[in-house]
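So the structure is just underneath, and the comments pick up after that.
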Amino acid sequence: MEITTMAKEVDEGQKIIMKQSSEHKIPIPDQLPDPDERLYYNQSVKKPKRKIKSLPIQFGKLTNQNVEQFRILNYLTLPVIYSDDFYERLTNYRRYSILGYYKDLLVGAISCRYEDDEETGGRVVYIMTITVLKAYRRYGIGTQLLKRAMIDCKAADVKRIYLHVLCSNESAIEFYKSANFTIKEKLLDYYTDLDPPHCFIFERSLEDITNEQIEQIDAKK
């Protein structure tokens, strides 16, 4: 099949998706990027640049009314299926979640857990989940969620923020490195239900960074 013919079919497919989404009032970014080279099966076709680099989101808190939306978001985007107990505990005072909305649609979220650092006696935060709907990735939504969490953590006198990242998750590794997280440790066979099961512990001190510097983070995710 010729490239031009495939391009037309892809374009028609996008129109159908956008029409269906419009009928169901599901917002999509105003200007989606053109199909990349993988759709053409032709390595000589360059990936087009995005027409828009970021989408503004509104932040919201996790409540009993929207926790089911949050559960569905995680189910659709994360490799781990979390238990009912996990979601029940999210409203605990030692839990902290931020939801990200684009035109009233939940497109991303971050959930954290406050902990006490045994070595220093200070407060640290563990990022349990951070995720964005696939169609909305690479628009800076994950970065906005992370920055908001870091600023809120500083206000709560949190000294350090950390998380586990699968060793095979190259995009997540790139994301956290660009946000100046560093690898503290590699854990072998950490996950029992994922393959490969190994992960890194990424961490970032919040004592040596200002809110203004946090706002300048551009992790492109």
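The values are calculated or read from the model by the stated rules, or taken from the named source; none is laboratory data. Predicted, not measured: the structure shown is a model, and the values here were computed from it. Cβ placement follows ideal geometry from the backbone for every residue including glycine, while neighbour counts extend to all protein chains displayed.
Where in region 106-221 are the helices (runs of 4 or more DSSP H), entirely inside, with at least 2 residues that are among the small types (Gly, Ala, Ser) and in contact with a Ser or Thr (Cβ under 7 Å, 6 or more places away or on another chain)?
Those helices (runs of 4 or more DSSP H) do not exist here; none qualify.
Is it the case, given these coordinates, that Ala109 is under 30 Å from Ile52 (Cα atoms), free of Cβ contacts under 8 Å to residues at least 12 places away in the same chain and either in contact with a Pro (Cβ under 9 Å, 6 or more places away or on another chain) or not charged (D, E, K, R) (or both)?
no
Identify the single condition in (1) modelled with pLDDT under 60; (2) surrounded by 10 or more Cβ atoms within 10 Å (Cβ to Cβ); (3) more than 30 Å from Asp152 (Cα to Cα) that Ile28 does not satisfy, given that it satisfies every other one.
Only one criterion is unmet by Ile28, namely (3).
Quickly run through region 80-98 and pick out the residues that are surrounded by fewer than 12 Cβ atoms within 10 Å (Cβ to Cβ) and either part of a strand (DSSP E or B) or polar (S, T, N, Q) (or both).
Within region 80-98, Ser83, Asn92 meet the criteria.
What pairs come out if I take residues in region 181-198 that are touching a residue at least 40 places away in the same chain (Cβ under 8 Å) and pair them with residues that are aliphatic (A, V, I, L, M) whose C-beta lies under 7 Å away, six or more apart or interchain?
Leu194/Leu166
Quick check on region 148-159. Is at least one of its residues touching a helix residue (DSSP H, G or I) at 6+ places or on another chain (Cβ under 6 Å) and small (Gly, Ala, Ser)?
no
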